[in-house]
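The next block holds one structure in the form of structure tokens; read it before the comments.
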Amino acid sequence: MVEISGTLVSEDIFEKKFLCDLQRCKGACCVEGDAGAPLEQNEKAILEEIYPKIKSFLRPEGIIAIESQHPWVTDEQDGEPVTPLVHNKECAYVIFDDKNIAKCGIEYAYNAGVIEWKKPISCHLYPIRVKEYTKFTALNYDRWPICAPACTLGEAMNLRVYQFLKDPIIRKFGAAYYNELETAAEEWVQWYEK
């Protein structure tokens, strides 16, 4: 782990290569798993506020799930807030394009200029998972077999996790933080990959 401005960053974020390949994975990270997308505490109120504005972008199944559960729910396993699921499968905010690729309905509303919030930061930062502890914040690379196509494409394009996630890292931690992270990553790569 590397310490950067009060966070502990896994070296995997510097080392591993990653670039989402939606044509191959079909957005499986929005469909697979045992819970919805993790939410920060402030994102619960955001989802409640924006739901009426984004409802028209969602599938009927997602609308039913949200209106019968809530715009956010509590994960039974860890007690943390998450997005609701449709029949314990995909995120309720998921839509599917004409190639059956899972996309984010929230992000579609954002891109259309309807809302100013792109999507939950945990989704935007994936495959980085952020964990808050009492004295520090940890950033870890989440390995998931469904992301194998992203690892392959990342290798082909020589794009490291932190480079792929520049925009969401800046969104979460700020530009100065990203610059510090990038410097640390470049030094790490020079040292460990000579």
Quick check on the range 139-194: take the gyration tensor over C-alpha atoms, sort the square-rooted eigenvalues as a ≥ b ≥ c, and tell me if it's rounded (a/c under 1.5), prolate or oblate.
oblate
Would you look at the GNM of the chain, springs on alpha carbons closer than 10 Å, and say which of GLU90, GLU180, GLU107 moves the most?
GLU180
Collect residues whose amide H, placed 1.01 Å from N in the peptide plane, falls under 5 Å from the amide H of VAL9; neighbours closer than 5 in sequence don't count.
VAL2, GLU3, ILE4, LEU139
Which lysines does LYS103 reach when only Cα atoms under 26 Å apart count, and residues fewer than 8 places away in its own chain are ignored?
LYS16, LYS17, LYS26, LYS44, LYS53, LYS55, LYS89, LYS118, LYS119, LYS131, LYS166, LYS172
For the range 172-189, Karplus-derived ³J(HN,Hα) couplings (6.51, -1.76, 1.60; θ = phi - 60°; whole Hz; x for glycine and proline) come out as 7, 10, x, 5, 4, 4, 4, 4, 5, 4, 4, 4, 4, 5, 4, 5, 4, 4
Please list, in order along the range 151-164, the HN-Hα scalar couplings obtained from phi with the Karplus expression 6.51 cos²θ - 1.76 cosθ + 1.60 (θ = phi - 60°), rounded to whole Hz, x for Gly and Pro.
5, 5, 5, x, 4, 4, 9, 6, 10, 7, 3, 5, 6, 4
Between Rg and the Kirkwood Rh of the range 26-126, both from Cα atoms, what is the Rg to Rh ratio?
0.92
Before rounding to the nearest 500, sum -39500 (n - 2.57) across all DSSP H runs of length at least 4 in the chain and divide by the residue total; then give [θ] at 222 nm in deg cm²/dmol.
-12000 deg cm²/dmol
Please state the charge dipole magnitude for the chain, taken about the Cα centre, from unit charges on C-beta atoms (+1 on K and R, -1 on D and E), reported in debye and rounded to the nearest 20.
440
Local charge sum around LEU139 (other residues, Cβ-Cβ under 13 Å, Lys/Arg +1, Asp/Glu -1)?
-2
Hz values of 3J(HN,Hα) by residue in the range 54-63 - Karplus curve (6.51, -1.76, 1.60), Gly and Pro given as x:
9, 3, 5, 8, 9, 7, x, 5, x, 4
Hey, in the GNM for the chain with a 10 angstrom Cα cutoff, which one of LYS103, LYS55, LYS135 fluctuates hardest?
LYS135
Would you mind telling me which residue in ASN42, ASN179, ASN100 has the biggest mean-square fluctuation in a Gaussian network model of the chain, where springs connect alpha carbons within a distance under 10 angstrom?
ASN42
Unit charges at the beta carbon, dipole of the chain: most positive-side option, GLY113, SER10, GLY36:
GLY113
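Values quoted throughout were computed directly from the atomic coordinates according to the rules given, and no laboratory measurement underlies them. A quick note: this is a predicted structure, and the numbers were derived from the prediction, not measured. Reconstructed Cβ throughout: ideal geometry from the backbone, glycine too, with neighbour counts over all protein chains shown.
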